[in-house]
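The values are calculated or read from the model by the stated rules, or taken from the named source; none is laboratory data. Everything quoted here is computed from the prediction, not taken from an experiment. Here the Cβ positions follow ideal geometry from the backbone for every residue, glycine too, while neighbour counts run over all protein chains shown. Ligands, DNA and RNA are excluded from the accessible area calculation, which covers all protein heavy atoms including side chains. Shrake-Rupley method; radii C 1.70, N 1.55, O 1.52, S 1.80 Å.
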Amino acid sequence: MYLAIPSSGPTVDDPVDTRLGRAPYFLIVHTETNETEFVSNPYAADSGGVGPRVVQMLVQKGVTDLIAPQIGGHADNALVAAGIRVYLWEGAGTVSSALEMYRAGRLSLMAGKSGSS
């Protein structure tokens with residue numbers, strides 16, 4: 001399984017970015033081997049429609065789970081279609097703290113996102 005976290009920068013000490021489609025980076029973590037990779041978002045500066053394109057990029061990376069503070073409607077539809085589970089990130093914090101909370105089972109699935117209710 002792969003987990004994605006939108007990040008404001010290319011390290012685990014950077015803040016979780018509040019904008020899924022416009023996040024400059026994503027941390028991709030293989031949840032079983034703990035291998036990590038920061039991926040630059042090629043769509044961050046595009047003019048529109050970036051949410052679904054970012055979701056497609058995450059699908060190509062094998063992402064099954066996503067941590068995010070909010071999801072736009074078009075991105076939500078793409079996430080549902082891809083079967084990616086979305087976990088709610090509330091408040092502020094680093095990518096590292098979001099990863100720790102995910103591993104500890106302290107994040108909730110977003111209601112209405114990716115088929116959950």
Solvent-accessible area per residue, Å², over the chain with all protein chains present [probe radius 1.4 Å]: 50 Å²
Charge dipole (debye, nearest 20) of the chain; +1 at Cβ of Lys and Arg, -1 at Cβ of Asp and Glu: 300 debye
Loop-located GluC sites (Glu not before Pro) in the stretch 25-115, at most 11 other Cβ atoms within 10 Å (DSSP): 32, 35, 90
Spread of Cα-to-Cα distances over 10 Å intervals beginning at zero, given as percent, for the stretch 30-99: 17, 50, 32, 1
For residue 23, distant residues with modelled amide H under 5 Å away: none
Helical mean residue ellipticity (222 nm; -39500 (n - 2.57) per DSSP H run of 4+; nearest 500) of the chain: -7500 deg cm²/dmol
Ellipsoid semi-axes in whole angstrom, largest first, where each is sqrt(5λ) of the Cα gyration tensor of the chain: 18, 17, 14
Listed peptides 73-85, 41-53 by packing density, highest first (mean Cβ within 10 Å): 73-85, 41-53
